[in-house]
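Chemist: I have a structure I would like to understand better, so I am pasting it below and will then ask my questions one at a time.
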2 protein chains.
Amino acid sequence: MATLVLKFGGTSVANPERIQNAAKKVKAELDLGHKIVVVVSAMSGVTNQLVEYVRTITPSYDPSEYDVVVASGEQVTSGLMALALQQLDVKARSYQGWQLPFYSSDKHEKARIDEIGTDLMKDCFKQNITPVIPGFQGVTRPSKDGGNRITTLGRGGSDTSAVALAAALKADRCDIYTDVNGIYTSDPRLVQKAKKINRIAYEEMLELASLGSKVLQTRSVELAMNYKVPVQVLSTFETTVGSDLPGTFLIDEDAMMEKQMVTGLAHSRDEARITLTNVEDKPGMLARIFGPLAEANINVDMIVQAASDDGKTVDVTFTVPRADIVRATEALTNNKQTIAYKELQTNKDVVKISVVGVGMRSYAGVGQMMFKALADKGINIQVVSTSEIKISVLIEEAYTELALRTLHTTYQLDAA
Amino acid sequence: MATLVLKFGGTSVANPERIQNAAKKVKAELDLGHKIVVVVSAMSGVTNQLVEYVRTITPSYDPSEYDVVVASGEQVTSGLMALALQQLDVKARSYQGWQLPFYSSDKHEKARIDEIGTDLMKDCFKQNITPVIPGFQGVTRPSKDGGNRITTLGRGGSDTSAVALAAALKADRCDIYTDVNGIYTSDPRLVQKAKKINRIAYEEMLELASLGSKVLQTRSVELAMNYKVPVQVLSTFETTVGSDLPGTFLIDEDAMMEKQMVTGLAHSRDEARITLTNVEDKPGMLARIFGPLAEANINVDMIVQAASDDGKTVDVTFTVPRADIVRATEALTNNKQTIAYKELQTNKDVVKISVVGVGMRSYAGVGQMMFKALADKGINIQVVSTSEIKISVLIEEAYTELALRTLHTTYQLDAA
């Protein structure tokens, strides 16, 4: 008999029928004798609608009232899920974030989890009641000057809620039910030979999540890694339930028997490239470039510096989120004199392709294989960045599919 | 400087633009120096949608989870209203029922108000903050075995919330903003000469509300009467604000200088008639008829008993809500032997027309005027029922408009 946290995402609870379907998954686990806590997202589309209401009223909103508005979506599904479970003769009830309590910081709109009260959930277990918790929601601690306010954990925060609840309850597993049946070696829509990964290390998942795989929120993977919560990603729309292990399991690197060189590929079209030409190469030059961008709250990702044509100055190339390209250009243009560059070139037709694998630590030549495979297809690499377990390259966007398929074969991910 | 509670109904907060419009009303009152508490309904249509979700999942729902689901509608508008006020440079914040707290009984889905904490609202006044309270919501008191659960006050409960808050705060006035600019002498869609009533006694309003006028929830009027809360009904869609008194004022009967014989007419198509013929006229007969209906939770309204053709037995005629006619027929048919009637006749083509006025207490012949006026138009009266300040008749539905217009003229309500 295990303690499980089962989390259902927005598409899994998109309407009453799907909530009933999700409730059947919960019932199947209960029938196996497990103790279950259910975590639910808002119905898909609802949070976007609520955010739009807020933005229509005021673009510069008070985040504490934003939280009051958007936290309601999960409240609705928590009540509906409790009802759907009751309809299956499961004793169930919802607890809102303020009822548990699910304490968070007061940094509204992206609050950090502080402490989760587990007494009420443990009481439920004793009485054979299945608690249903709305994801995404928290509450600030009561204080002399107020507190006790609704918070939210940031978009996609329900994954984080589920993992945090699993950690607090020392649960045996946290199952994240979504609309895909696991993590894939690459995006199956682009790479037909993409395969489901059965086991992936937390660190690999963390890289994949931050490099463009949208299945899990990065923060939830960090939390799972820190608290060593066994997380499984699986589909609500398949007939099996989590205890039959049909999805992708996130585990500790040490628990992986055999480490492949590369576990998976990620790609992100969310990038834009900026090049500043003929920058004078003297101390503090990079600080003068990236200072204005940091002040404008723009994240800079890949950076490369190369000698210019004239042999005396350098060209600095880097990437920023595509949505920030206009603001980035403004910030740099406003500081053209201090930075002292000749030209500012931008390019939005780029994609970042990454290969990820803890095996890289023990295999040599992973990067060389990548550069050669892409060169053989005539794909030019604009920027490279690496970490211990990943290599990312920036290439022309038109080559996205070709590059992914080529690398998928190169790293022997095609094999059945 | 007065303390006012301003309540905005579903059509007044139906979308972000309307919420902004309602916020302007609030701002105008604040500019006059008043202290304001804002109460909001859910956006129109939202509560129905949420109820439908619940009913789709299970027709026999747990009312405590129903409350979790449906209370969310008001939470959304309370946050949006606070944001709209902030956008107008008004310091504002929302307080949910559980934050205030707005304590109620644990009779979920139709909870009774228990006690309202006013400290937080009074603190707001001191800091020039306008509190925004979601209507309809309450919370049960924390207790050893739980409590602290979300409740709702029953459909239309936001009016009741507003009046209760006004009573708790000893407010100078409670303005109910809606989509009509007051209470009318009759339904303006049916009676062109219907006029807005400037002042109406609580008791009259109570009769009108329970007799079919849908502007105010009956319970809110009872509460206003009991606590002598001055209530004004007015339109959100007119340019004036409440302090210019453009709507209908609910006041104490004693405060009415001159009492008209009849203040207004109401009609309800929500009725169906049942006649049981040739019932043996012996002790306990009515109990045998109405017992099964009470057990089936069906409200019986008008009752009349008349001698049958045979001179020995009686015919019993009464009305039930139209929606309950099938269930009522079943309950009676199942008890045909005990009740001992000959035939059961039903008729759904009926309407209840009522004339209401505290002046009836001092004027004689109000009923006679009604009966004669209807007879002159060839309208047959099927059932009559009276109270101290109202007379209701059941007539054929096709005569609704004719009857209302005739009585409107008869009681001199046409005069400008």
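Every number in this text was worked out from the coordinates using simple rules, so none of it is lab data. Here the structure is a predicted model, which is why all the values come from computation and not from measurement. Here the Cβ is made from the backbone with ideal geometry for all residues, glycine too, and neighbour counts use every protein chain on show.
Chemist: Rank B:ASP301, B:ASP179, B:ASP310 by mean-square fluctuation in a GNM of chain B with C-alpha springs under 10 angstrom and give only the top-ranked residue.
Modeler: In this elastic network of chain B, the residue with the biggest mean-square fluctuation among B:ASP301, B:ASP179, B:ASP310 is B:ASP310.
Chemist: Pop out the ³J(HN,Hα) list for the stretch B:71-88 in order, Karplus 6.51 cos²θ - 1.76 cosθ + 1.60 with θ = phi - 60°, rounded to Hz; leave Gly and Pro as x.
Modeler: 5, 5, x, 6, 4, 4, 5, 5, x, 5, 5, 4, 5, 5, 5, 4, 4, 8
Chemist: What are the trypsin sites (Lys or Arg not before Pro) within the stretch B:77-133 that DSSP puts in a loop, where the Cβ has at most 16 other Cβ atoms within 10 Å?
Modeler: B:LYS91, B:LYS107, B:LYS110, B:ARG112
Chemist: How far, in nm to one decimal, is B:GLN337 from itself in the other copies if the label point is set 7 angstrom along Cα toward Cβ? Shortest first, please.
Modeler: Label-point separations across copies, in nm and ascending: 10.6.
Chemist: Also, quick follow-up: Output the pairs from B:LYS27/B:LYS193; A:LYS7/B:LYS91; A:LYS91/B:LYS144 with a Cα-Cα distance over 32 Å in this structure; if there are none, say none.
Modeler: Violating the 32 Å Cα-Cα cut-off are B:LYS27/B:LYS193; A:LYS7/B:LYS91.
Chemist: Between the label point of B:MET256 and that of the same position in each other copy, find the distances and list them shortest first in nm, with every label point placed 7 Å from Cα along the Cα-to-C-beta direction.
Modeler: Result, one decimal in nm: 8.2.
Chemist: Just A:PRO16, A:PRO142, A:PRO188 to compare: in a GNM of chain A, with alpha carbon springs under 10 Å, which one fluctuates most?
Modeler: A:PRO142
Chemist: How large is the translational diffusion coefficient of the protein assembly as shown in µm² per second when you combine the Kirkwood radius over alpha carbon pairs with Stokes-Einstein at 20 °C and 1.002 mPa s?
Modeler: 69 µm²/s
Chemist: On to the next question. Counting other C-beta atoms within 10 Å, and keeping those with at most 14, which DSSP coil GluC sites (Glu not before Pro) do you find in the stretch A:262-303?
Modeler: Loop-located and lightly packed - A:GLU280.
Chemist: Give me A:THR400, A:THR118 ranked fewest to most by other Cβ atoms within 10 Å of their Cβ, as a rough exposure proxy.
Modeler: Fewest to most other Cβ atoms nearby, the residues stand as A:THR118, A:THR400.
Chemist: Another question, then. Using the Karplus equation 6.51 cos²θ - 1.76 cosθ + 1.60 (θ = phi - 60°), what ³J(HN,Hα) coupling, rounded to whole Hz, does each residue of the stretch B:28-38 give in order, writing x for Gly and Pro?
Modeler: In residue order, the calculated couplings are 4, 5, 4, 5, 7, x, 7, 8, 10, 10, 9 Hz.
Chemist: State the volume of the convex hull built on the alpha-carbon positions of chain B, expressed per residue in Å³ and rounded to an integer.
Modeler: With only Cα atoms used, chain B gives 167 Å³ per residue.
Chemist: To make sure I understand the rule: partners must be aspartates and glutamates, Cα under 15 Å from the Cα of A:LYS35, and not fewer than 8 residues away in the same chain. Which ones qualify?
Modeler: Once the sequence-local aspartates and glutamates are set aside, what remains near A:LYS35 is A:ASP119, A:ASP123, A:ASP172, A:ASP175.
Chemist: Dividing the Cα convex hull volume of the stretch A:1-107 by residue count, how many Å³ per residue is that?
Modeler: Taking the convex hull of the Cα positions in the stretch A:1-107, it is 100 Å³ per residue.
Chemist: Give me the one-decimal nm value for the distance between modelled label points at B:VAL51 and B:VAL304, 7 Å along each residue's Cα-to-Cβ direction.
Modeler: 3.2 nm
Chemist: Let me ask you something else. Which length gain, in nm to one decimal place, applies between B:GLU258 and B:GLU280 when the Cα-Cα distance is subtracted from 0.36 nm times their residue separation?
Modeler: Additional length available on full extension: 3.1 nm.
Chemist: So what does log10 I(q)/I(0) come out to for the stretch A:258-416 at q = 0.14 Å⁻¹, using the Debye formula with one equal point on every Cα and no solvent?
Modeler: -0.75
Chemist: Next up: Among the aspartates and glutamates, which have Cα under 15 Å from the Cα of B:LYS126 when same-chain residues fewer than 8 positions away are ignored?
Modeler: A:ASP145
Chemist: Give me the aspartates and glutamates in straight-line cross-link reach of B:LYS372: C-alpha distance below 19 Å, same-chain residues under 8 apart excluded.
Modeler: B:GLU396, B:GLU397, B:GLU401, B:ASP414
Chemist: Here's a follow-up. State which entries of B:LYS196/B:LYS377; B:LYS24/B:LYS259; B:LYS312/B:LYS348 exceed 30 angstrom in Cα-Cα distance in the structure shown.
Modeler: Over 30 Å Cα-Cα: B:LYS24/B:LYS259.
Chemist: Hey, which residue of A has the C-beta nearest the axis mapping A onto B, and what's the distance in Å?
Modeler: Value returned for chain A: A:SER72, 2.
Chemist: With the label 7 angstrom out along Cα to Cβ, how close does A:GLY284 come to the same site in each of the other copies, in nm, nearest first?
Modeler: Those separations, rounded to one decimal, come out as 10.6 nm.
Chemist: Which value, in debye to the nearest 20, gives the size of the charge dipole of the protein assembly as shown about its Cα centre, when Lys and Arg are +1 and Asp and Glu are -1 at the Cβ?
Modeler: For this selection, approximately 240 debye.
Chemist: In a Gaussian network model over chain B where Cα atoms closer than 10 Å are linked, find which of B:ASN21, B:ASN198, B:ASN334 has the largest mean-square fluctuation.
Modeler: For chain B, modelled as a Gaussian network with Cα springs under 10 Å, the answer is B:ASN334.
Chemist: Please compute the net charge surrounding B:ALA296, taking Lys and Arg as +1 and Asp and Glu as -1 over other residues with Cβ under 10 Å from its Cβ.
Modeler: That works out to -2.
Chemist: Looking at chain A only, what percent of DSSP beta bridges run antiparallel? Nearest 5 please.
Modeler: The antiparallel proportion sits near 65 percent.
Chemist: I would also like to ask the following. Check each of the trypsin sites (Lys or Arg not before Pro) in the stretch A:329-387 and keep only those in coil by DSSP with at most 16 other C-beta atoms within 10 angstrom; list them in order.
Modeler: Qualifying residues, ordered by number: A:LYS342, A:LYS348, A:LYS377.
Chemist: Tell me the net charge near A:ALA201. Cut-off is 10 Å between Cβ atoms, A:ALA201 excluded, with +1 for each Lys or Arg and -1 for each Asp or Glu.
Modeler: My count for the surroundings of A:ALA201 gives -4.
Chemist: Name the long-range amide H neighbours of B:LYS91: under 5 Å, sequence gap of 5 or more, or other chain; modelled H, no Pro or chain starts.
Modeler: Placed amide hydrogens put B:THR130 under 5 Å from B:LYS91.
Chemist: For the stretch A:162-208, what Kirkwood radius comes out of the mean inverse Cα-Cα distance, in Å?
Modeler: 12.5 Å
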